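Following: one structure in structure tokens, then a few remarks.
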Amino acid sequence: MAYSRKSYVEHVAIRVKDIDWHIRFFKEVLGMTVREVMGDEGATEKAWTVGGLQFNADPGFNGPEGRLAHLGIMVENLEEVLAEAQKWSVRELPMGRNWLALPDGLELELMQAHANSVAEALAVKPRA
């Protein structure tokens, strides 16, 4: 039986060469403040904005910026989702059993939601 509960995308992780530039741009142009940072002062490794973006520093990459790293998806029942996902030829990633690689390479970070947070997020009408 397919998973019958609801989920939503909590964040989108993007690899960028110049993480500090991206943090400044999204804050100063779009008003998206940083809610969490990983790394030392002046050597930011990852940053999460209020609004669902995660920037991963990847300064050595030679190619276009903005490559998708993974989708962070909030689910109502993590155990049910993991059991259902195993039927779909997905691969568990080294970061933990809640990290999955789909056959085409897309990576998912699945997170257990608390209380009614999924319903509340899905009730938002962004085009209203």
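What follows is calculated from the coordinates using simple rules that are stated; it is not laboratory data. Because the structure is a prediction, the values reported are computed rather than measured. Here the Cβ is made from the backbone with ideal geometry for all residues, glycine too, and neighbour counts use every protein chain on show.
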Scan of segment 1-60 for residues that are among the polar types (S, T, N, Q) and loosely packed, with under 14 Cβ neighbours inside 10 Å, ordered by number: S4, T33
Expected output for segment 44-55 (first residue farther than 13 Å from R24 by Cα, partner among the polar types (S, T, N, Q), Cβ below 9 Å, 6+ apart or cross-chain) is E45/N56; K46/Q54; K46/N56; V50/T33; G51/T33
